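The values are calculated or read from the model by the stated rules, or taken from the named source; none is laboratory data. Everything numeric in this text was worked out from a predicted model, so none of it was measured. All Cβ positions, even for glycine, are placed from backbone atoms using ideal geometry, and neighbour counts span all protein chains on display.
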Amino acid sequence: MDAASTICTQSLTRRFGEFVAVDGIDLRVARGQFFGFLGPNGAGKSTTIKMLTGLLAPSSGGIEILGLDLATHPVEVKQQIGVVPEGMALFGRLTGYEFLNFAGRMYGLDRETAAKRAVELLDFMQLADQPKKLVTDYSHGMQKKLAMAAAVIHGPKVLFLDEPFEGVDAIAAGTLKTMLQGMIARGATIFLTSHVLEIVERLCSHVAIIHQGRLVAQGALEELRSGVEARTPVPGEGLGSSGERLTLEQIFLRTVGGMRRTDQELSWLG
Amino acid sequence: MTKAGFTARGSQLRAIAWVRWRLFVNSLRTTRGKLDLISRSVVWLGFAMVGIGGAAGMGTAAFFSVREGKPGLLTLLLWPIFFFWQVFPIMATAFTNNPDSSDLLRFPLNYGSYFLVRLAYGAADPATALGSLWSFGILVGVGLARSRLLPWTLLVLLAFAAFNLVFMQMIFAWVERWLARRRTREVMGILFLLLLLSVQLIGPLTGYFTKRSRPEVRRFAELLLQGQKILPPGLAARAIAQVSASHLRAGFYSLGLLCAFVLAIGCCLHVRLLAQYRGESLSDAAASPVLPQDRRLRLGWNLPGFASPVAAVFEKEIRSLLRSGPMLLTLIMPIFMLIIIRFGPMNSVRQSEMAIPGHSPGLAFPAAAGFALLTLTNLVYNNFGGDGSGIQFFYACPVRFRDIVLGKNVTHASILMMETAVVWVAVISLYGKPTLSITIATLIGLLFAAAVNLSVGNVLSIYSPKKFDHSTFGRQRASQITVLISMGVQVLVVGTAGSAFWIARHYGNSRAANLTLVLLAIIALCAYRAVLRHIDRVAREHQEMLVAELCRA
């Protein structure tokens, strides 16, 4: 595999019975990249992220994170990565502080460091004002911030985020973006999936698009844009008509061919 | 309600029944679902045997009491039915099936339908099935003894069944409400502590009264006997007895009073269900004020001799359990069992020649300690059930599953040790001090039983997990495969330990039993160690199923 890549997969495949959710994808994510992983619903994004973080075993293919084979060195890999999975993986009957303290210790921090970082993270995420509130009573946005805090408490080199901005208000999203950009500036690698393409466009330097389990595009955002513009020039859109570049949404729609049927309408809807 | 309203309600109820049926059919798509059905059938077969046997017994007793002209004795049958109906769902939550109906509130379901659905869900419960079967046995017994009493007895027993059903639902709904809030949970905790303290006084007081003033005890017993007559089981028995004696007006009066009880309890249930229907949240969120930040650094717990992740899991488990009112209630059940047996109906024969051995401290301590272990089965056999989507965290963090499982086992073992100590104190207070040899034999037996249960529980927790919300009361059921296997394990453990005692007694050597149990405990501990050694591989192989089951919404 590619030794220079932080995240590297080779023919990564995952089948569920007859259904192929992820079909032989080869991902390359270099150190320090803010990498956006896009795709329509059911394309295989969450399945891929689960395989990359050890939450789901691949049917075939290989995964290397930071040069370590995930299959043979799962604990070593997990020590260096952080993950916010689809279901957020929280324990509802703990308070935010208790959960972060627990997460820190499970990631190998000593008791003092875990406690200090838990307090710092609660402050940073603006979750410290209700210390006795249980996680189960947190709002969705608060839970998201807490899951993010737990994923970074040990200072991971690689961070995997599945829909980190879903259900998060603008203020909280701003806080999260600041934190993520700070991590990138310090050399961490971030791999995120999101349906909010504006955020991905603003944050990510590199993007991959998965469609029906297959990787249909991968590279720097500018490379993708140029490639799509060259391949599918549409009059009235993109460079050449008004002089504006294609947005990530336009790139995405052209890549996955997402056109809605216009002949169908639900006439009974008010 | 208009005809259209009735039609709409009927359509909704049919839709709910259809959904429940589809959920059942769809669950059979997986092997686990099919195995669950088989296990459930076996469990229900067991219940059916108990139910039919009990019904035959109740029927025979009812037949003779009516034929001998003593229908008032029916009260001795109806009180146990009442207690069983109410206590069994709390003591055996693994069999309780009372699904959360609050999910239905997103639909335009009117309150009447919601109330009916909640009652219908509650009726599909082993306690209700057994209670109904036994009541049916009484009906048949009375009918065979005096056929003209049959319609009236049917009416009375229907009212009695309605009372039990509504009362059980009412208890569940209110206890869940009280246990949901930290403040009320603490009040209940204090009440329980007071109860424990008062238990200490029962022994001396009983001794004092039985030695010095028997007439007072008799008067108290007579008072209790009079008091029970105005309570539902007593009223039901009286209603039948009065009509049997041709006192129709008094019979109607008793039945009316019984129906008034049903209405009153129904009103209490209505208050709770209406609050739920209007979207009440039982969480602490609303009661949680914004507090000034606590700047003191609170370190996590340290567990001497164990790695940091094991201590972290232990702390997490203890904190979570302390916030789970229903679990705490389950854990104190052994004490209630001791109290019920000590002061229950069987106690009346305590001083007589028919005294049953259950009242001796030599048997009370092993029985209560065994029951303490049984109350832990919900936790031990479903280690990860309460974690829900948190299971993903365990797979994502760089900790071996062995340490995570060990942390959970240490928690369960600690609870068992604490419970055993409390039970020991309660046995001393209520029954007298068990002998040293019995205490030692029980502790060794418990070590053997705990090691076996933890070993099997660890494996089943991965093979047959079930998402479990420890904050809700009696609305969930453990995997039936797990229930069946855990019952098998208990039979095996009790059988093995019992055989050891029997053989030792047969040869007149009590030490032999202890030695056998020590040997068994060593073997069980070796098996436990072997399970822990392989648990990482098992967890990895079943990762997908475990995550899918526990992350299910």
Filter result (assigned to a helix (DSSP H, G or I), among the hydrophobic types (A, V, I, L, M, F, W, C) and surrounded by fewer than 23 Cβ atoms within 10 Å (Cβ to Cβ)) within the range B:315-334:
B:318, B:321, B:322, B:328, B:329, B:331, B:333
Right, residue B:416: more than 13 Å from residue B:458 (Cβ to Cβ), touching a residue at least 40 places away in the same chain (Cβ under 8 Å) and assigned to a helix (DSSP H, G or I) or not?
yes
Taking the range A:136-171 as the region of interest, how many residues are within 10 Å of chain B (Cβ to nearest Cβ), part of a helix (DSSP H, G or I) and either farther than 25 Å from residue B:398 by Cα or modelled with pLDDT under 90 (or both)?
2
Filtered residue count, the range A:65-99, keeping only those that are more than 9 Å from chain B (Cβ to nearest Cβ) and out of contact with any helix residue (DSSP H, G or I) (no Cβ under 7 Å at 6 or more places or on another chain)
5
Evaluation of residue B:425 against (1) in contact with a Pro (Cβ under 6 Å, 6 or more places away or on another chain); (2) surrounded by fewer than 22 Cβ atoms within 10 Å (Cβ to Cβ) (one fails), failing number:
(1)
Reported set for the range B:235-258 where residues are of a type in the set (A, V, I, L, M) and in contact with a Pro (Cβ under 7 Å, 6 or more places away or on another chain) is B:240, B:241, B:258
Taking the range A:100-114 and the residues there that are in contact with a helix residue (DSSP H, G or I) (Cβ under 8 Å, 6 or more places away or on another chain) and farther than 28 Å from residue B:468 by Cβ, the one that is farthest from the other protein chains (Cβ to nearest Cβ) would be A:113
The helices (runs of 4 or more DSSP H) lying wholly within the range B:3-92 that contain at least 3 residues that are among the charged types (D, E, K, R) are B:3-27, B:31-67
Quickly run through the range A:55-64 and pick out the residues that are buried (at least 19 other Cβ atoms within 10 Å of the Cβ) and either free of Cβ contacts under 8 Å to residues at least 12 places away in the same chain or within 12 Å of chain B (Cβ to nearest Cβ) (or both).
A:55, A:56, A:58
Looking only at the range A:175-186, count how many residues are without any contact (Cβ under 8 Å) to a residue 24 or more places away in the chain and under 12 Å from residue A:124 (Cβ atoms).
2
Given the condition in contact with a Pro (Cβ under 9 Å, 6 or more places away or on another chain), surrounded by fewer than 20 Cβ atoms within 10 Å (Cβ to Cβ) and modelled with pLDDT of 90 or more, answer yes or no: does some residue in the range B:67-77 qualify?
yes
Could you please find all residues in the range B:264-293 being modelled with pLDDT under 55 and facing another protein chain (nearest Cβ under 7 Å)?
B:284, B:285, B:288, B:290, B:291, B:293
Return the residues of the range A:153-164 that are over 17 Å from residue A:8 (Cα atoms) and surrounded by fewer than 20 Cβ atoms within 10 Å (Cβ to Cβ); say none if nothing qualifies.
A:155
Could you please give the count of residues in the range A:115-135 that are more than 19 Å from residue B:320 (Cα to Cα) and at the interface with another protein chain (Cβ under 9 Å from one of its Cβ atoms)?
6
Out of the residues in the range B:508-544 meeting the condition of being free of Cβ contacts under 8 Å to residues at least 40 places away in the same chain, surrounded by 13 or more Cβ atoms within 10 Å (Cβ to Cβ) and more than 23 Å from residue B:410 (Cα to Cα), tell me which one is farthest from the other protein chains (Cβ to nearest Cβ).
B:512
Quick check on residue B:430: is it assigned to a helix (DSSP H, G or I) and over 20 Å from the mean Cα position of the chain (by Cα)?
yes
Take residue B:304 and decide whether it is at pLDDT 70 or above, away from chain A (no Cβ under 11 Å) and over 29 Å from residue B:179 (Cα atoms).
yes
Boolean, residue B:520 is under 23 Å from the mean Cα position of the chain (by Cα) and part of a helix (DSSP H, G or I)
no
Provide a single number: the residues in the range A:213-268 that are in a loop (DSSP other than H, G, I, E, B), of a type outside the set (Asp, Glu) and at pLDDT below 85.
24
Over the range A:100-141, the set of residues in contact (Cβ under 8 Å) with a residue 40 or more places away in the chain and more than 15 Å from residue B:299 (Cβ to Cβ) is A:107, A:108, A:124, A:125, A:126, A:134, A:135, A:136, A:138
